[in-house]
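Notes to accompany the following structure.
The values are calculated or read from the model by the stated rules, or taken from the named source; none is laboratory data. All values derive from a computational prediction rather than experimental measurement. All Cβ positions, even for glycine, are placed from backbone atoms using ideal geometry, and neighbour counts span all protein chains on display. For accessibility, only protein heavy atoms count, side chains too; no ligands or nucleic acids. Shrake-Rupley method; radii C 1.70, N 1.55, O 1.52, S 1.80 Å.
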Amino acid sequence: DTIPYHGELRKASIMSDLRNFTEISASDVDLVGGKGLSLGLMTAAGLPVPGGFCITTHAYRRSNAAVDDSLHRSLGDAYRGLGGGLVAVRSSATAEDGAAASFAGQQETILGVQGEESLRDAVVRCWRSLHAERAVAYRRRQGVDEAGLAMAVVVQRLIHAEVAGVLFTRDPQDPGGLRMLVEASWGLGEAVVSGRVTPDSFHLDRENGRVIDRRLGRKHLLITADGEREVPAEQQREFCLDETRLTQLAELGRRIEDFYGEPRDVEWAWAEGRFWVLQARPITTSGAGDREQVRR
């Protein structure tokens, strides 16, 4: 009587291979990695996180980094549960986004994935990126222990961002901790995070979101789910966020910081008339420095 029938075994396998954001708890970090854990916890806190799910490290280890038939069926079910369409597929290694290192950009991110076959291929690309030369070298520099390292993968509804970027809830260059720093550009945030553009930059008062100063960037490139294109010259000369939206973004940043109890490096997007949270890491010196170095 204690032996589960095959349907229960199938369900247990699915549950250990996949976790919806709404099913992730603080104890799941070894299953969903740093990025997946953050998205799950913020979802539970009621923050505006686009819907998604994680392929767990259990699936990575069980299938030897290959999508078998069982996982393929589970992936298809979960993908259709999101409504199908375009998704973003992001790596979430178990060592990511800790207090000492940000791991920003060290593993694979694939935007604009559509269809079950393309999703399967994107998951495999993320798994393989765990052992890419760049990622291995970064972990070595950060002194990360390779023992037990594994890769989860985040699959999330793609937000068609009009504007996107990063928010440091405490400006890393402000020793007094009185300012926020916002970097923003047109389209998807990949242009900012990867250093492809020089974004607009805004320093905000942490208490009320008031703009202290702003600097116009060189936002010549716009990335969408359909690819890249040049930004028209007149649009390049416009700031991509006004004071009203910056105040709203600052408020969202304070909510995120209050939830975590510490400053955060937040990736965000403006779409569908609201701000969305795509990721929130601890602020690290390496995280801020790496981004500026890549841009230069």
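Remarks
- Total formal charge among the other residues, if their Cβ is under 14 angstrom from that of E117, Lys/Arg +1 and Asp/Glu -1: +1
- Per residue, the stretch 24-91 exposes 35 Å² of solvent-accessible protein surface, assessed with a 1.4 angstrom probe and all protein chains in place.
- For the stretch 161-264, taking Cα atoms only, Rg and Dmax work out to 13.8, 42 Å respectively.
- Accessible-area composition of the stretch 147-227, carbon plus sulfur, in percent [1.4 Å probe]: 46 percent
- The peptide list 196-204, 250-258, 183-191, 238-246, put in order of mean Cβ contacts within 10 Å with the highest first, becomes 183-191, 196-204, 250-258, 238-246.
- The phi torsions of the stretch 229-240, fed into the Karplus equation with coefficients 6.51, -1.76 and 1.60 and a -60° offset, translate into couplings of 8, 6, 7, x, 4, 5, 6, 4, 8, 9, 5, 8 Hz, rounded to whole numbers, with Gly and Pro shown as x.
- Share of carbon and sulfur in the accessible area of the stretch 20-60 stands at 54%, probe radius 1.4 Å.
- In the stretch 151-213, one over the average inverse separation of all distinct C-alpha pairs is 13.1 Å, which is the Kirkwood hydrodynamic radius.
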